[in-house]
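The values are calculated or read from the model by the stated rules, or taken from the named source; none is laboratory data. Please read these numbers as outputs of a predicted model, since none were measured by experiment. Here the Cβ positions follow ideal geometry from the backbone for every residue, glycine too, while neighbour counts run over all protein chains shown.
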């Protein structure tokens, strides 16, 4: 992992696909971010309550509590962490439901590393600046 600098974010990845989760951790750490990851909503909530997380990358389709369920729990517990949804299942109905629970960004799987970097930077500028 590289040494964090002023542009480094503390990112939590919530993704049940182990291969994708590992790849995201590796790519984001190479970009200079501090990264934690989990495949369970319960563990993600626990991490957000213990650690100051700047951004969550969240899969919607997970066993147990889904990404939607985690978003609702985050809002109920007033965890003001920006969320970028990462999903292969993004329909107009899903977009509408996501808007209702309040997300800050969206990445449709599959996506390229540059697209993820752009979305993280957009969210950083819009929600994490100053």
Only unsatisfied item for residue 72, checking (1) surrounded by fewer than 18 Cβ atoms within 10 Å (Cβ to Cβ); (2) modelled with pLDDT of 90 or more; (3) closer than 18 Å to residue 12 by Cα; (4) out of contact with any helix residue (DSSP H, G or I) (no Cβ under 8 Å at 6 or more places or on another chain), is (4)
Q.
For the structure I just gave you, tell me whether residue 119 is in a helix (DSSP H, G or I) and within 12 Å of residue 57 (Cα to Cα).
A. yes
Just one listed residue, out of 37, 22, 7, is exposed (fewer than 14 other Cβ atoms within 10 Å of the Cβ) and at pLDDT 95 or above, and it is 22
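Within 16 Å of residue 15 (Cα to Cα), over 14 Å from the mean Cα position of the chain (by Cα) and buried (at least 16 other Cβ atoms within 10 Å of the Cβ), is that true of residue 84? Give the steps one after another, and end with the answer.
Values: within 16 Å of residue 15 (Cα to Cα): yes; over 14 Å from the mean Cα position of the chain (by Cα): no; buried (at least 16 other Cβ atoms within 10 Å of the Cβ): yes.
When the stated conditions are applied, residue 84 does not pass them.
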For the range 97-108 the number of residues that are surrounded by 14 or more Cβ atoms within 10 Å (Cβ to Cβ) and either under 13 Å from the mean Cα position of the chain (by Cα) or more than 14 Å from residue 68 (Cα to Cα) (or both) is 5
